[in-house]
1. Could you grab me the full set of residues in the stretch 353-391 that are modelled with pLDDT under 60 and among the basic types (Lys, Arg)?
2. Working carefully through the options GLU6, GLU47, find the one that is over 23 Å from the mean Cα position of the chain (by Cα), open to solvent by 70 Å² or more (accessible area, probe 1.4 Å) and modelled with pLDDT of 85 or more.
3. Of the conditions (1) open to solvent by less than 40 Å² (accessible area, probe 1.4 Å); (2) closer than 22 Å to LEU19 by Cα, LEU340 fails just one. Which one is it?
4. Just need a number here: residues in the stretch 134-159 that are within 18 Å of CYS67 (Cα to Cα) and small (Gly, Ala, Ser).
5. Need the failing condition index for SER206 against (1) part of a loop (DSSP other than H, G, I, E, B); (2) of a type in the set (Ser, Thr, Tyr); (3) open to solvent by 10 Å² or more (accessible area, probe 1.4 Å), just the number.
6. Of all residues in the stretch 265-286, how many are touching a Gly at 6+ places or on another chain (Cβ under 7 Å) and of a type in the set (Gly, Ala, Ser)?
7. Can you name the number of the only condition in (1) under 24 Å from PRO40 (Cβ atoms); (2) surrounded by fewer than 19 Cβ atoms within 10 Å (Cβ to Cβ) that THR249 fails?
8. Here are some residues: ASP213, ASP229. Which one is out of contact with any helix residue (DSSP H, G or I) (no Cβ under 8 Å at 6 or more places or on another chain), open to solvent by 10 Å² or more (accessible area, probe 1.4 Å), free of Cβ contacts under 8 Å to residues at least 60 places away in the same chain and assigned to a helix (DSSP H, G or I)?
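The values are calculated or read from the model by the stated rules, or taken from the named source; none is laboratory data. Since the structure is predicted, the reported quantities are computational estimates derived from the model, not experimental observations. A quick note on method: Cβ atoms are made from the backbone with ideal geometry, for glycine too, and the neighbour counts reach across all protein chains shown. Surface accessibility is based on the protein's heavy atoms, side chains included, excluding ligands, DNA and RNA. Shrake-Rupley method; radii C 1.70, N 1.55, O 1.52, S 1.80 Å.
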Amino acid sequence: MALILEHILNILDWLLYILFAINILYLLVYSLASRRRDLPLPPPAKEHKRFAILIPAYREDAVIHECVHSCLEQDYPAACFDTVVISDRMQPETNASLAVLPIRLVEVHFEKSTKSKSLNAAMAAIGNDYDIALVLDADNVIPYDYLSDVNDLFANPEVEIVQTHRSAKNLNNDMALLDAISEEINNTIFRLGHAKLGLSAALIGSGMAFRYDLFRDTMADIKAVGGFDRELELTLLYRGKRFYYLPETFVFDEKIQNTGDFSRQRRRWLSAQWYYCQTFAKFLWKALAARNWDFCDKLYQQISLSRVLLLGFVFIISLAHSLFASPSACKWWGIFTLLLLALALAIPRKYWKWRLLKAVCWVPYSFLLMLLNLFRLKEANRRFIHTMHGVD
């Protein structure tokens, strides 16, 4: 009986090992791919396309003005873009101060607010006289040449969807630094690494631009409560669309500064990840038959573990094997080392400072928060979970 039990445990160990190893090798391949030659820069465009800069703002009184002013200060013909703020439950004085600026203010009132509802309401209000829809978050800031960079890439008639490089606006505490590093790892693996291997870059919810009519028509069918970008991404990938990436065109984003916001934000992400994995899994066989590798790749991302959970689980299993003097310990420590290598390669050089060690100390606590969130996903994707913004 003991031998049978040992045999079963050994089989389970190998199954778990293979699942984790595939996840880790996936990260390592794209992390290494990001080190290949740089992506070519698009040549300057000969014409200026017309932009609608769409900024959903749900109770974003503390940060909306900084975002709007960065849009108005663009080195781009003023007649060729409109800054559209979709005000949802912001204070009357905030709306009044925005109304005097050269922008389009769209006030919305929903019983249950979502970003997809706000975006659809805004496009219904502003009409169709645009070439490109650019989606920003209310806490974002863009540099003066941002629209010009995006316009240059859209001069290529094949380009319909572009994700720009979202980077940290604030590094005011260790949690913000850890969140910034996490986002840069995602940028390296899921955007830059993919783009350099000829695959679609992942969308991230803001700093993303679309051919206007494509975005308007696709968003009309998006009813997401949380994670609208995941539904949008999977829908467009299934239709065979490709997402381009501009690694040197930055949109600056406010990073999480406390554990409460971290837990809420990650719970929203985990819930959306699992929900859309179930929703779109039924299309996998058709995508495989059509050799739609972008869609298959994205669906795999939905079932894979986050980096924090992967780190925590592989470390715990490796440690357990070592404590019980298991001969399997070496293989587990081996893939843990590969995981560390994949993540280390994905961290930009500018973050390799002594302060990085302090931020890494938050990883075990982040793992515990993520682990607890796995048991709190029920209903999380059916209600809007808002993260408050404003640097402390």
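1. ARG382, ARG383
2. Values: GLU6 fails: modelled with pLDDT of 85 or more.
When all the criteria are applied, what remains is GLU47.
3. Result: LEU340 fails condition (1) only.
4. Number of matching residues: 2.
5. (3)
6. Adding up the residues that qualify gives 2.
7. (2)
8. Working: ASP213 fails: free of Cβ contacts under 8 Å to residues at least 60 places away in the same chain.
Just a single option satisfies the conditions, and that option is ASP229.
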